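The values are calculated or read from the model by the stated rules, or taken from the named source; none is laboratory data. This structure is a prediction, so every number in the text was calculated from the model and none was measured. No Cβ is skipped: glycine too gets one built from the backbone with ideal geometry, and neighbour counts run over all protein chains shown.
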Amino acid sequence: MSDQAAPLPYRALHATHGGIWIATPDGEIREVGRGEAIAAAADTPMILLNAPMTGQRLGYAELSGLDLLELFAFVHPARFTVPTPAGIARTLGLPVPQQDEDAAMLLLEAARHLFDTLEWDGWGEREGAWSAAQSLFRLRWPWAGPVTERIARPAKAERWLFSRLPEWEDQAPRPAPLTVTVDEQAALDRLDALIGEDAERREGQRDYARAASHIFEPRRTAGKPHMLLAEAGTGIGKTLGYLAPASLWAAEADGAVWVSTFTKALQRQLDRETERIYPDPKIRREKVVVRKGRENYLCLLNLEDALQGGFAGRAAVLAQLVARWAAYSKDGDMVGGDLPGWLTTLFRRAGATALTDRRGECVYAGCPHYRKCFIERSARAAENAEIVIGNHALVMILAERRRAENNDNGGALSRIIFDEGHHLFDSADSTFSAALTGQETIELRRWIVGPEGRHRGRRRGLSARLMDVASYDEAGGQAIETANAAASELPSDNWLGRIGEGVPLGPIEKLLAAVRGTVYARADAQDAGYGLETEAAELDGHLVAAAATAIAALEALHRPLATLRGRLEAVFEDAPDWLDSQARARIEGAMMGLTLRNQMIAAWIALLSRLGGPADPDFVDWLAVDRIEGREYDIGLHRHWLDPTKPLAETVIKPAHGLIVTSATLKGGEDWDAADARAGAPHLDFAPDRFEAPSPFDYEANSEVLIVTDIKKGDMPALAGAYAKLIEAAGGGTLGLFTAIARLKAVHARIADRLAREGLPLYSQHVDPIDTGTLVDIFRDDPRASLLGTDALRDGVDVPGESLRLVVLETVPWPRPTVLHAARKLANGGNAYVDRLVRARLAQAFGRLIRRKDDVGMFVLLTAATPSRLLTAFPEGTPVARVPLDEAVARVAHRLSSVTEIGQQAAGDISLESE
């Protein structure tokens, strides 16, 4: 690539909370006001970095221009970068700008570098670029002109997406794992090999590996797996502690160990850790597979529809860039995989969700891209892997599916490790619940009859998917026709508008209208703008009558779907000549979908049948209207288990042969009874083994908890001022956690400009138009940045080192007073149950702070009303003090000033390395 290329004929605009700068091709950098910046951007195309965020900084929502991130996504699909000037500079090997005003010039330099790459013979992502550029030119993509000028037309037709993707191959079913035992010493030898000879020997980690090895012993009694509950404090090294025996067993038994997480961040970390076990990338691709729900993956049929005119405007541009990514993606994972998290937010997420299989409309072997499908490839790879990295919800869904199919399956899901086990209760709560809502019923209608809009003729719906069955089996064809007729009674497009206007159609819409009326009549805080709910108790006759009519409609749908599944089984047994492998796979997919949806409809009928009658002691039922800032988006009835670990125990734990439930905060500052409750142990007829290893970190020397005593509740200026002073004292590196989005937004609005003038960038969930994962990447990358957020950041952030040195909570994280929470509080000891939840949340939030042996950090609660009984949530020995704000600020500055200097030096070192 040439280092002396001619300057680009564009200007660049960079905006932060601290100012706005424009750089010109001749090297001039000028600070401007908002009005001038908006006028300049509207007059001629300017290079921007993240147009939605730049527009927000300017107060101009529909700002458009030459977005450098879009160009980066075209040139380097599936390549990670932090979407900031510093992040782009490091990725491209350019000097990192030291001041905000220098960032504007960096945008020009980065664009020139990317254009040079287009003409470089060694450009590794050239294939398919010329064809994509031609399509983007027709879509009037702002970068298309200069891009097409620099990409030479290939001498022969290039392989593009659908011809470039490899096909997966069918393999014989994997036999049940061999009966082997993992010896403790063998597990320790494997651990030593994984950590290396020069690594520090950690006895806690070795004890953990010994304990973990026992879950791989042969099961003695059906329904009684070897089960270990393990609390391993941060720094023990539990990941390698369980991977050492797991990898041994998987190799010797020819079986798969499922390692399940709650957060995508830990999935990525585990994927990296397995490089120690399988250093050869080719072998590792065979032995380690990351599995997620199908809604995470790109659907090639949906992408084809989008590329062939299904998307228009900006959404069509997104489809082309996603197609570029798909050709180079490792696994087609659009959510937490190698698709840049920031890419879809550049397009206001227009069309992004339509590119995945969120509606369950997959036609399996009926799809022309079935043999190249990312989802199918992942599922088949997992069948023969040694380590499968999944998530709690997927593991529970797969276990529930196998149970419904009476598939004991001695192989898959026989050995499970639930990391982040403190979330097991919440995952079970979501997985084993039922919700009869407008959104759920309209998705069911689409699955049965197909989409009703532009793509009505696509290969969707039962009739299209099972056309050959309908023509071969008369009873099956009749069942499909009957199901289609019954599905017409379900809500259809614009159902929410009709209910709002008082003209619902069909029995389900009329039921939802009655639910809405009851909720608005009974619920409190109707002017809050957020969701409303009320108990499903003492309901009036109108709603009960509407429920009875809805039950009849659902039963009329359930019967033909059950009949159809039976007819598909009969076709399988008869095995006609046309039932080749592809037809078999398509029918198996339909059978699976029918099983799941019949279960869902049965759960809806059970929920409605209870209305007006006595309460079921195992369940909590309520009515809800879901809203965002006053705008309704769903209405329905909900049912959750009072204790969701009861179905967890029956569905997941008892069928397994061995499993671990582990976390750094499994007990949540409580005793082992709390851990037992989270893991479902009270519903087992055997006692799990227990293991505990405290963190080796010196919390007494390296951390401190401060409870600020002089911030008055409800005083927003004081709250915002406290956040600003603490962030300034720490020099950034602050994670601010809120229990209410409204307060988060109010604080951000008051302090973002002030901090920016001090060189302290502030980012925020629910404010910045960018996804949470990318916000964390930005926060981790800049030691002077701070991040505000809510619950998702309390658990899903792993930022070791100086980038996270201060955690600030605006108040005690009490649970929301929902119908479900009230029922569980009543059933589990009242306020003691609430305290247990809060201690767990405090322990998880504090756990974000000290991630390495040399980390130093502070934890601040901005409320005097912090009961002393909750302070056992923090690690033993952690100093706790109640102080006024001024003293808290002084302590933060004193303790963290050296950390701040280290962070600044580290940032400087990175810059020098880049230069």
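Points to keep in mind about this one:
- Residue match in region 220-241 (condition: out of contact with any strand residue (DSSP E or B) (no Cβ under 8 Å at 6 or more places or on another chain), among the charged types (D, E, K, R), touching a residue at least 12 places away in the same chain (Cβ under 8 Å) and assigned to a helix (DSSP H, G or I)): no
- Helices (runs of 4 or more DSSP H) wholly inside region 458-515 containing at least 2 residues that are on the phi > 0 side of the Ramachandran plot and free of Cβ contacts under 8 Å to residues at least 24 places away in the same chain: none
- Residue tally, condition out of contact with any helix residue (DSSP H, G or I) (no Cβ under 8 Å at 6 or more places or on another chain) and either of a type in the set (A, V, I, L, M) or part of a helix (DSSP H, G or I) (or both), over region 311-321: 1
- Residues in region 485-502 that are of a type in the set (S, T, N, Q) and surrounded by fewer than 18 Cβ atoms within 10 Å (Cβ to Cβ): 488, 494.
- Take the conditions (1) modelled with pLDDT under 95; (2) outside any helix (DSSP H, G or I); residue 909 misses just one of them, which is (2).
- Scanning region 827-869 for residues that are of a type in the set (Lys, Arg) and farther than 22 Å from residue 710 by Cα returns 836, 839, 841, 848, 851, 852, 853.
- Residue pairs whose Cβ atoms lie under 6 Å apart, sitting 6 or more positions apart in sequence or on different chains, and linking a residue in region 20-46 that is modelled with pLDDT of 90 or more to a partner that is surrounded by fewer than 16 Cβ atoms within 10 Å (Cβ to Cβ) and outside any loop (DSSP other than H, G, I, E, B), are 21/31; 22/30.
- Single residue of region 883-906 satisfying the filter (buried (at least 18 other Cβ atoms within 10 Å of the Cβ) and within 29 Å of residue 94 (Cα to Cα)) that is modelled with the lowest pLDDT: 903
- Set side by side, the residues 787, 760 differ, and just one is assigned by TED's automatic domain parsing to the domain that holds residue 708, in a strand (DSSP E or B) and either closer than 30 Å to residue 99 by Cβ or touching a Ser or Thr at 6+ places or on another chain (Cβ under 8 Å) (or both), which is 787.
- Verdict on residue 523 being out of contact with any strand residue (DSSP E or B) (no Cβ under 7 Å at 6 or more places or on another chain) and assigned by TED's automatic domain parsing to the domain that holds residue 635: no
- Taking the conditions (1) touching a residue at least 40 places away in the same chain (Cβ under 8 Å); (2) within 30 Å of residue 500 (Cβ to Cβ) in turn, residue 648 satisfies each one other than (2).
- Residue tally, condition buried (at least 23 other Cβ atoms within 10 Å of the Cβ), among the small types (Gly, Ala, Ser) and part of a loop (DSSP other than H, G, I, E, B), over region 857-882: 0
- A count restricted to region 259-285 and to residues that are of a type in the set (A, V, I, L, M, F, W, C), over 14 Å from residue 427 (Cβ atoms) and in contact with a strand residue (DSSP E or B) (Cβ under 8 Å, 6 or more places away or on another chain) stands at 3.
- Index of the failed condition, residue 805 passing every other in (1) exposed (fewer than 14 other Cβ atoms within 10 Å of the Cβ); (2) under 26 Å from residue 710 (Cβ atoms): (1)
- Scanning region 322-376 for residues that are assigned to a helix (DSSP H, G or I), at pLDDT 90 or above and of a type in the set (S, T, N, Q), we see that the one that is nearest to residue 124 (Cα to Cα) is 344.
This table checks each residue for (1) touching a Gly at 6+ places or on another chain (Cβ under 7 Å); (2) acidic (Asp, Glu).
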position: 727; (1), (2): no, no
position: 736; (1), (2): no, no
position: 759; (1), (2): no, no
position: 780; (1), (2): no, no
position: 797; (1), (2): no, no
position: 804; (1), (2): yes, no
position: 810; (1), (2): no, yes
position: 826; (1), (2): no, no
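- When the strands (runs of 3 or more DSSP E) confined to region 1-97 are screened for residues that are surrounded by fewer than 19 Cβ atoms within 10 Å (Cβ to Cβ), those reaching at least 1 such residues are found at 19-23, 29-32.
- Every residue from region 248-284 that is free of Cβ contacts under 8 Å to residues at least 40 places away in the same chain, in a helix (DSSP H, G or I) and either within 26 Å of the chain's Cα centre (by Cα) or within 19 Å of residue 193 (Cβ to Cβ) (or both): 272, 273, 281, 283, 284
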